[in-house]
């Protein structure tokens, strides 16, 4: 089958390369001519495990090509996947300009049978209906087509694996023929396929990310209560995770959720619900609670250090989650901004294994980005673990003590072995637990413990 994918973000590129790997011929389009040129030369600008070799292999095999969006009217693809960005403002209003530009550039076909237009981007409910109406106004009557909503549930950092091993597939369509064709296209995947109407698929996507926002915010609220009552949130997290009604995922307490999708989709759902007369009060409260989390860590730092304005503080990790270079709505931005606002003389250093230039553009200019963890920690009066990169767990207590002026670590993700660090003379203060964590006299490990993410989320 000939497939076109419009929008070369992580999801778009993974979708294109993934279908090419399955033997389809795929055309990849994007508005940015420079981005397309780099992709055509094998330069992948995303840090996404497994994506680069997947792209290069299929491009060399002739199953994957890259073109500017201006060439889209010449495409003879049978299925068009629209994966363009749909950003939103703080008020939750979703900007669909990129989507309408792509829709307006779709070719007018007179031969070759029915075409299918698939909206994969997260959009307000009813957007696919508007896509169909817009195409019917522009295309001639003999251009047969169907429009479907096929929401994306992949996560940054595991997008390639999630494409080939999806947990589930949702096909939202208002006609049986379009639904059946898309079901056949996805027939090689072993995941269950749910068929529904377009509006339900669109709302279901927003509801999924909204639920994650609520679950993560609740976890952080309980962690705050644990600190005030002398309880240990990691133990509570295990208890909750063992309850089959709740499940172990997305219970990690820390700096809250961020990234390009969960905050955006949550705000969009709240805004849309207000207009529909069905206010989402629970989700609105979760968004407010999430916005306050960096301030909690600031207060912990102020309690641990006398006069932070005269101190040097290191941020370990700045990307919104480990395994990603994504900085959109990363908690590190809010944290650094608040520290600099409250303590004008504070010196902030930061190190992230991945974020690089993206971080430099997103963080306040006063933050000094370093090349190594040692450089960021050297001479620091305290450090805040912001992103749970594995390499930070491998820093030995002696390193913290030799590099830092004061070995004080605020573990914003509960990713470090606080019991071991405190026993070795490094003050490690976690989230939802006392500064010196109590040792547990029996093994609380479980099969799910290593897969309990704090910020992993769908990215589509």
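The values are calculated or read from the model by the stated rules, or taken from the named source; none is laboratory data. Since the structure is predicted, the reported quantities are computational estimates derived from the model, not experimental observations. With ideal geometry, Cβ positions are generated from the backbone for all residues, glycine too; neighbour counts draw on all protein chains shown.
What the table below lists for this structure:
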read-out	value
Positions within the range 47-63 being more than 25 Å from the chain's Cα centre (by Cα), buried (at least 20 other Cβ atoms within 10 Å of the Cβ) and within 28 Å of residue 321 (Cβ to Cβ), in sequence order	58
Residue 27 vs. criteria surrounded by fewer than 24 Cβ atoms within 10 Å (Cβ to Cβ), more than 24 Å from residue 104 (Cα to Cα) and either under 22 Å from the mean Cα position of the chain (by Cα) or in the same structural domain as residue 99 (by TED's automatic domain parsing) (or both)	no
Pick from the range 1-16, criterion surrounded by 21 or more Cβ atoms within 10 Å (Cβ to Cβ) and touching a strand residue (DSSP E or B) at 6+ places or on another chain (Cβ under 6 Å), ranking: farthest from residue 259 (Cα to Cα)	3
Enumeration of residues in the range 347-373 that are at pLDDT 95 or above, crowded, with 21+ Cβ neighbours inside 10 Å and not in a strand (DSSP E or B)	352, 363, 367, 373
Hits in the range 107-137 (condition: on the phi > 0 side of the Ramachandran plot and at pLDDT 95 or above)	126
Qualifying positions in the range 103-116 - farther than 21 Å from residue 70 by Cβ, touching a helix residue (DSSP H, G or I) at 6+ places or on another chain (Cβ under 8 Å) and part of a loop (DSSP other than H, G, I, E, B)	114
Condition broken by residue 248, with the remaining ones in (1) touching a residue at least 40 places away in the same chain (Cβ under 8 Å); (2) surrounded by fewer than 17 Cβ atoms within 10 Å (Cβ to Cβ); (3) part of a loop (DSSP other than H, G, I, E, B) satisfied	(2)
Residue match in the range 143-153 (condition: at pLDDT below 95, under 24 Å from residue 271 (Cα atoms) and surrounded by 15 or more Cβ atoms within 10 Å (Cβ to Cβ))	yes
Residue in the range 182-190 that is modelled with pLDDT under 95, assigned to a loop (DSSP other than H, G, I, E, B), under 17 Å from the mean Cα position of the chain (by Cα) and not assigned by TED's automatic domain parsing to the domain that holds residue 258 present	no
Single match in 223, 219, 207 (criterion: in contact (Cβ under 8 Å) with a residue 12 or more places away in the chain, surrounded by fewer than 17 Cβ atoms within 10 Å (Cβ to Cβ) and under 23 Å from the mean Cα position of the chain (by Cα))	207
Some residue of the range 306-327 being surrounded by 23 or more Cβ atoms within 10 Å (Cβ to Cβ), modelled with pLDDT under 95 and in a helix (DSSP H, G or I)	no
Residue tally, condition touching a helix residue (DSSP H, G or I) at 6+ places or on another chain (Cβ under 6 Å), closer than 19 Å to residue 72 by Cβ and surrounded by fewer than 22 Cβ atoms within 10 Å (Cβ to Cβ), over the range 117-142	1
Residue 72 vs. criteria crowded, with 24+ Cβ neighbours inside 10 Å, assigned by TED's automatic domain parsing to the domain that holds residue 113, in a helix (DSSP H, G or I) and touching a strand residue (DSSP E or B) at 6+ places or on another chain (Cβ under 8 Å)	no
